[in-house]
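Let me begin by presenting the structure, written as structure tokens, before commenting on it.
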Amino acid sequence: MNSKKFPRTFWIANIIELVERWAWYGFFLLLPNYLTGSADQGCLEFSQAQKGTLMGIGTGILYFLPVFTGALADKWGYKKVLFTAFVVYVSAFLLMPICSTYPSFFAAYLLLAVGAALFKPIPSATISKTTNEGNSSIGFGIFYMMVNIGAFFGPLVSLLFKKGDPKMIFYISAAIVAINFLLLLFYKEPERSEEEKSQRKSILDIFRNMACIFKDFKFVIFLLIVAGFWTMYNQLFYTLPIFISQWVNTEPMYNFFVNYIPFFANNYSMAPGVMDAEFVCNLDALYIIVFQLFVSSIVMKMKPLNSMISGFLVCTIGMAMTLFFQNVIFTMVAILVFSLGEMAGSPKITEYIGRIAPADKKALYMGYSFIPVFLGNILAGVISGPVFQNIADKVTLVKRFVTENGLSVDSNLSQSEFFNAAATQAGMTPNELTQHLWEIYTPSNMWMVVFAIGIFATIALFIYNQWLTRSERRAANLADSRH
């Protein structure tokens, strides 16, 4: 491919996106364990319910606001809004490590969500404006590749600094996103036609468009079904890092790296024999980088709904595979299966919305594709919050064990100290107590909830597809009879 096909702004926008995703995932994948981890390890010891509410609402708002921030970018100019976004981003990242109470951290996270929402619509809009019919597929392929490269390397870099002080993850992300101030010097505002300038939306126009969208019953049903997929998908970030940290035996992976690639064992392990949970979860991004083109070549000829149904089902199976074993090797396979489903289903959502949108409303419909992502984050917060806390949270379960067995453990101890004291009083090692809790409380039942959501979304999409197919046949038969 000749790089001259794309103007300089195209490449600058791609690099800006890579840097932003690097900063975002560099802290986001590590956030659940920071929020809920033990105080003696430098974490905040919030409850799982608090974590779920914070991440669900905050991230949900991030995906809801772009319908408004996109209009602001059209009105004020992309470059000005990007600069504002980076100022807000850096400010929020610098505030987070000094916020130790739940309200203050929640406020800082909401500020970060506003910065991300200001940023989110602009790179993709820039790619759209700097490509044409002949090179847009390649252009967006490059763009999504940049997203995944950032998503993969962000956590790997942040984890290198986490050992000394978990708060370093926020300073690293602040430094990374600040690189975009330099890149902004080379960013040229994309040209707008007179028609585009005259179509700038007011806030009132946005609400009118929203009402128009909600009148399309079929589209609304589709968005609600897809929200189920995003609810399941987000457990990869909201729940799986904590589940691995609390329950999964990562020693086989650790031993492999000790013998063959010591760098990873030395830099991505919490303790001898224990790999960082986020390192394991980050395999999803690696799998996407390696296999996305292969999977895309398989599903490219499939109808979008059929590809989504297959993808949703495979994702669900991948999530469900974590039900049965605590061994990290099985977790790695489960993440691979999940990522293959993600690659088959997720990109087709946008393609399908583009196909079903009325010819004169394609941009409007694409703009509202955020709705299922917004809902999926809100619902994911509920699942990873109170649901996870009651079914699978080791902190909750060990306290239940202590109460049920009449043990006396000081409640003022940190999480780690409390667990070790409970193990000592029960005459077990910490590993033995973990295994005992696994056997008597079956925390893996958490994934039955996630599995049920995924299966419901898959079946609902299948029924939706059958309904549409029958409707199209009836419409075709009616048209034929009129002729």
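Structure values in brief
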| item | result |
| --- | --- |
| Cβ charges +1 (Lys, Arg) and -1 (Asp, Glu), total dipole of the stretch 191-333, debye | 580 |
| Ratio of the Cα radius of gyration of the stretch 43-172 to 2.2 N^0.38 Å, where N counts its residues | 1.20 |
| Sites residue 473 and residue 286, calculated FRET efficiency, Cβ-Cβ separation with R0 30 Å, nearest 0.05 | 0.10 |
| Using a Förster distance of 56 Å, the FRET efficiency for residue 425-residue 11 (Cβ separation, nearest 0.05) | 0.35 |
| Ordering of 115-127, 57-69, 247-259 by burial proxy (mean other Cβ atoms within 10 Å per residue, highest first) | 115-127, 57-69, 247-259 |
| Over 21 Å (Cα to Cα) - which of 167/399; 75/129; 120/218; 79/348; 51/167 fall in this group | 167/399; 120/218; 79/348 |
| Inter-site label distance for residue 224 and residue 91 at 7 Å from Cα along Cβ, in nm | 3.9 |
| Solvent-accessible heavy-atom area per residue, rounded to whole Å², over the chain at 1.4 Å | 45 |
| Full-stretch length increase - residue 214, residue 350 - with 0.36 nm per residue and alpha-carbon distance subtracted | 47.2 nm |
| Base-10 log of normalised Debye intensity for the stretch 1-97 (one unit scatterer per alpha-carbon) at q = 0.21, 0.22 Å⁻¹ | -1.22, -1.28 |
| Cubic angstrom per residue, convex hull over Cα atoms of the stretch 241-310 | 116 |
| Mean Cα-pair separation over length for the chain, i.e. relative contact order, pairs under 8 Å, 6 or more apart, % | 23 |
| With 10 Å bins from 0: P(r) over the stretch 276-420, alpha-carbon pairs, percent | 10, 26, 30, 18, 10, 5, 1 |
| Accessible surface of the chain, 1.4 Å probe, proportion on carbon and sulfur as whole % | 64 |
| Burial order of peptide ranges 307-319, 161-173 (average beta-carbon count within 10 Å, highest first) | 307-319, 161-173 |
| Length released on extending from residue 302 to residue 258, taking residue separation times 0.36 nm less the Cα-Cα span | 11.5 nm |
| Helical mean residue ellipticity (222 nm; -39500 (n - 2.57) per DSSP H run of 4+; nearest 500) of the chain | -24500 deg cm²/dmol |
| Percentage, to the nearest whole number, of Cα pairs in the stretch 197-327 over 24 Å apart | 53 |
| Inter-centroid distance (Cα atoms) of the stretch 265-284 relative to the stretch 390-443, Å | 23 |
| Peptide ranges 343-349, 266-272 listed from the most packed, as the mean C-beta count within 10 angstrom indicates | 343-349, 266-272 |
| Calculated P(r) tail over 21 Å for the stretch 359-431, as whole % of Cα pairs | 51 |
| Mean Kyte hydropathy of 0.0 or more with a Cα span along the axis of at least 20 Å, helices from DSSP in the chain | 8-28, 48-64, 78-95, 102-119, 136-162, 168-184, 217-233, 283-299, 304-320, 328-356, 446-482 |
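The values are calculated or read from the model by the stated rules, or taken from the named source; none is laboratory data. Computed from a predicted structure; not experimentally measured. Neighbour counts are summed over all protein chains in view; Cβ atoms, including those assigned to glycine, are modelled from backbone coordinates with ideal geometry. Keep in mind that these areas ignore ligands, DNA and RNA; they rest on the heavy atoms of the full protein, side chains included. Shrake-Rupley method; radii C 1.70, N 1.55, O 1.52, S 1.80 Å.
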